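S.K.: Before I ask anything, here is the structure I am working with.
The values are calculated or read from the model by the stated rules, or taken from the named source; none is laboratory data. Keep in mind it's a predicted model, so treat the numbers as computed, not measured. Glycine gets a Cβ as well: all are built from the backbone with ideal geometry, and neighbour counts include every protein chain shown.
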Amino acid sequence: MRAVVLFLSGAIMLGYLAIGFFFFRFWRKSKDSLFAVFAAAFWVLSIERVVLLVTQPADEIRPYVYLIRFSAFMLIIIGFFLKNRRRAPGLPPSGS
């Protein structure tokens with residue numbers, strides 16, 4: 001059963017990395033900061049999967065690993081906030 005868990009965790013980590021590179025490519029084309037934030041958040045999520053794999057389930061530090069996931073979600077929230085904040089009248093929206 002441990003082998004299946006390791007395999008699936010590796011697959012999830014690889015998916016997070018691929019999605020991060022996908023958003024990074026769109027950021028390079030459009031220079032929209034939201035894509036850069038999404039890329040960073042997915043790369044942080046892939047790091048979280050690696051840290052989760054190397055810690056033992058009985059470790060007391062394991063709950064703190066979820067702070068890494070929390071920081072990735074906070075990156076996404078901050079990215080949305082920065083993208084949708086109000087601009088002064090007459091200015092074009094950012095990223096366009």
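S.K.: Looking at the stretch 41-49, can you tell me whether even one residue there is hydroxyl-bearing (Ser, Thr, Tyr), more than 23 Å from SER9 (Cβ to Cβ) and surrounded by 12 or more Cβ atoms within 10 Å (Cβ to Cβ)?
M.R.: So in the stretch 41-49, the residues hydroxyl-bearing (Ser, Thr, Tyr) come out as 46.
Subset that is more than 23 Å from SER9 (Cβ to Cβ): none.
No, every residue in the stretch 41-49 fails to be hydroxyl-bearing (Ser, Thr, Tyr), more than 23 Å from SER9 (Cβ to Cβ) and surrounded by 12 or more Cβ atoms within 10 Å (Cβ to Cβ).
S.K.: State the number of residues belonging to the stretch 16-45 that are free of Cβ contacts under 8 Å to residues at least 12 places away in the same chain and under 17 Å from PHE73 (Cβ atoms).
M.R.: Total meeting the criteria: 0.
S.K.: Does the stretch 28-36 contain any residue that is part of a helix (DSSP H, G or I), under 11 Å from the mean Cα position of the chain (by Cα) and of a type in the set (S, T, N, Q)?
M.R.: no
S.K.: For a quick check of your reading of the model, give me the residue pairs whose first member lies in the stretch 65-93 and is in a helix (DSSP H, G or I) and modelled with pLDDT of 90 or more, whose second is aromatic (Phe, Trp, Tyr) and surrounded by 11 or more Cβ atoms within 10 Å (Cβ to Cβ), with beta-carbon atoms closer than 7 Å and at least 6 apart or on different chains.
M.R.: ILE76/PHE38; GLY79/PHE38
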